[in-house]
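Take a look at the structure below.
Read the figures in this text as sums done on the coordinates, not as results from a lab. Values in this document were obtained by computation on a predicted structure and should not be read as measured data. Methodologically, a virtual Cβ is constructed for each residue, glycine included, from the backbone with ideal geometry; neighbour enumeration extends over all protein chains shown.
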Amino acid sequence: MVEADREPLMSVPQAAVDSMGLFGGVQITTQAMQQLLADGVPVLIYSRGGKFLGVLQPGFPKNPATRIAQYDASLDPAFSLAVARTIVRTKIERQLLNLRHWGESGWLRAEDASPGIRAARDLLDEQASIAGLMGLEARAARLYFEMLGRSLPPGCEWNGRNRQPPLDPPNALLSFTYMLALGEVVVACHGAGMDPSIGFLHQLDYARPSLALDVLEPLRPSFCDTFVLRLLQMETVSPDQFSMGTEGCRLLPAARTVVLQEWGTLIGKNGRRQGLKSAATILLRTLADSLRTRQPPTWADSDG
């Protein structure tokens, strides 16, 4: 039961809840928390603006052998480099797929940047360091986001990809959905028995969910970017539903509700389409298998 000022807003059947997100100063009763944990339902905590803060995760870490293999593999420079290369290649492949789909949808009517992005992809095998891989990833991302900007509908301000804070509605939507997706991937890491803080492309850093960020990289084009474009192209959300303040451009509350409703259909399975949760789980299971064999995962052909 969801209430505001003691007035009921909505009621959701217990069996229909597979995850819960709390934004801002929302309270949850101990009874509800206990029932959700008993049912294996995670509770994701976000700031009012959508920053992922943490998760209330059911049970205990699963499969400690997988975590031990993850820790051991992360200390192997050659294996880490191979996994990082797979992550970047899969992300770039999915960016290229997006550009093709946006062109077929009539959203992208500009000179194609795909050759430059493919050129960056084709240099990945020559890189002997993670820094080199990240340099090529940044080159491809710059061209890709230039094309994303040209795919926006008329009236949408775009000054290139910017963040911390986002300075226009498309960037605000991108940052918001990336944070939503990050929370779901952190949950998927726990579900796969892996430590979300031990990554391969994203190296160890204080308070950074490096593995979750690794897995998120190839999921962002497949789910978040096209989701944002569709919201703006279909006028589900319009530029006048944002405000500019000291924290940059932010969704107004009513628009945030609409985005979250639409997001709910994206993260779960929708008909034949695989949802973000299951896509993240498949990537993580493939990675878990590769940790034991010390062969880099094959993600490029994974559905997503």
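Once you keep just the Cα pairs under 8 angstrom separated by 6 or more residues, what percentage relative contact order results for the chain? 19 percent. Take the Cα of Lys62, step 7 Å toward its Cβ, do the same at Thr265, and the gap between the two points is 2.9 nm.
Two tests apply to each whole DSSP H helix in the chain, Cα reach of 27 Å or more along its axis and mean Kyte-Doolittle hydropathy of at least -1.0, and the ones passing both are 77-104, 130-150, 169-191. A cut-off under 10 angstrom between Cβ atoms defines the neighbours of Arg294, and their net charge, with Lys, Arg +1 and Asp, Glu -1, is -1. Length available on full extension from Lys51 to Leu204: 0.36 nm per residue minus the Cα-Cα distance, which gives 53.0 nm.
For a Förster distance of 22 Å, can you work out the FRET efficiency between the beta-carbons of Val12 and Leu252, rounded to the nearest 0.05?
For Val12 and Leu252, the calculated efficiency is 0.35.
By DSSP, what percent of the beta bridges with both residues in the chain are antiparallel, rounded to the nearest 5?
In the chain, DSSP labels about 75 percent of beta bridges as antiparallel.
If you bin all the Cα-Cα distances of region 200-241 at 10 Å, starting from zero, the percentages per bin are 26, 32, 24, 18, 0. Set the Cα radius of gyration of region 137-177 against 2.2 N^0.38 Å, with N its number of residues, and you get 1.11. Applying 1/(1 + (r/R0)^6) with r as the Cβ-Cβ distance of Met244 and Ser105 and R0 = 30 angstrom yields a FRET efficiency of 0.55. Label region 44-162 by shape, choosing from rounded, prolate and oblate, from the square roots a ≥ b ≥ c of the eigenvalues of the Cα gyration tensor; if a/c is under 1.5 it is rounded, and otherwise prolate applies when a/b is larger than b/c, oblate when it is not. It is oblate, given that a/c is not under 1.5 and a/b is not larger than b/c.
For the pair region 73-147 and region 29-62, the centres of their Cα atoms are 34 angstrom apart.
Its residues counted as N, region 63-293 yields a C-alpha radius of gyration over 2.2 N^0.38 Å of 1.03. Taking the helices alone, the chain has a mean residue ellipticity at 222 nm of -16500 deg cm²/dmol, built from -39,500 (n - 2.57) per DSSP H run of at least 4 residues and averaged over all its residues.
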